[in-house]
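In what follows, a structure is listed as structure tokens, so that the remarks can point back to it.
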Amino acid sequence: MMFRKPALQVALDLTDLNKAIELAVLLTTNLPKDHLIIEAGTPLIKSWGVLAPRLLKNITGATVFADTKTMDTGALEARLMIDNGADIVSVLSVSSEDTIKEFIGETHTYGKLAAVDLINNPTPIEIAIKTLDLGADIIIYHVGIDVQIKRGITVADLIDEIKYLIRNIRNRKSNAYIAVAGGLKPGLVSSFIDTGVDIVIVGSAITKSNNPLSVSRELLSEMGVI
């Protein structure tokens, strides 16, 4: 495992496992693997189960993120993914505290990383701090596209919220990773890196591109990796 920051996390939110593997191989073969995280996206896991992270890990050898978005049975879901190649697993911050505790505890038992996704949480800062106290390793600031549109959120708004989140988190746990997700694409990434973000999560800008390798290179260039 371990990735180096800043890292580009490629969200393979696909249902075609062969396409996901082909794309993962393309990127990990041609780009700095230590700055890449390959995500078995939620649609991929729902379509193929534990086979998705297992094959991505076995074939690429990269850091693999299983986006389980766990809401219940925290220990079980963490263990299922970790037993099948996942280095990082995710739990929703709107889950119960008991679920989050079990999830983080099981993840750490195996020496892996627990990511807490703040999507749809009405009090993200408060919950981020609470989950850090529970041992969370990665906090994902995730504003869904639908929510961005409905709230009329601009990139500047997102950056301001990220800055506030990072200030509060860094004061609490300086070694926690901060990730950002939600419709990111080339031209936007450097602004987030400048705020102190460690992991940039990009999905459709890469997976729907006619030239995913070129887009990924552009993103890593903006991040100062290449």
Exercise. So, in nm, how far is label residue 108 from label residue 96 when the simple model puts each one 7 Å beyond its Cα toward the Cβ?
Worked result: 2.1
For this session: Identify all aspartates and glutamates with a Cα-Cα distance to residue 33 below 16 Å; exclude those on the same chain that are fewer than 8 residues away in sequence.
Result: 22, 87, 198, 218
For this session: Compare the peptides 208-215, 87-94 by average per-residue count of other Cβ atoms within 10 angstrom and give them in order, highest first.
Result: 87-94, 208-215
Problem set entry | the chain, relative contact order in percent, only Cα pairs under 8 angstrom and at least six apart counted | 19
Seminar exercise, completed: Scoring only Lys, Arg, Asp and Glu (+1, +1, -1, -1) among other residues with Cβ under 10 Å from the Cβ of residue 113 yields -1
Seminar exercise, completed: The value for region 97-226 (convex hull of the alpha-carbon atoms, volume per residue, Å³) is 125
Exercise. Suppose R0 equals 25 Å; then what is the FRET efficiency for residue 15 and residue 121 from their Cβ-Cβ distance, rounded to the nearest 0.05?
Worked result: 0.40
Problem set entry | Simple Cβ-charge dipole of the chain, Lys/Arg +1 and Asp/Glu -1, about Cα centre, in debye nearest 20 | 340
Problem set entry | Of 19/57; 19/208; 57/101; 163/208; 130/173; 185/208, pairs whose Cα-Cα distance is over 21 Å | 57/101; 163/208
Exercise. Of the labelled options (i) 17.2; (ii) 19.2; (iii) 19.9, which one gives Kirkwood radius over Cα pairs in Å as computed for this structure?
Worked result: (i)
Seminar exercise, completed: The FRET efficiency for residue 204 and residue 174, from their Cβ-Cβ distance with R0 = 35 Å and rounded to 0.05, is 0.60
Exercise. So what is the accessible area of the chain per residue, in Å², with the probe set to 1.4 Å?
Worked result: 43
Problem set entry | residue 185-residue 156 pseudo-label distance in nm [points 7 Å out on the Cα-to-Cβ vector] | 2.1
Problem set entry | Label point distance in nm, residue 194-residue 26, each placed 7 Å from Cα along Cα→Cβ | 3.1
For this session: Show me 200-207, 54-61 ranked by packing, highest mean number of other Cβ atoms within 10 Å first.
Result: 200-207, 54-61
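The values are calculated or read from the model by the stated rules, or taken from the named source; none is laboratory data. Just so we're clear, the structure is a prediction, and the values are computed from it rather than from any experiment. Heads up, the Cβs are rebuilt from the backbone with ideal geometry, glycines too, and the neighbour counts pull from every protein chain shown. Only protein heavy atoms, including side chains, enter the accessible area calculation; ligands, DNA and RNA are left aside. Shrake-Rupley method; radii C 1.70, N 1.55, O 1.52, S 1.80 Å.
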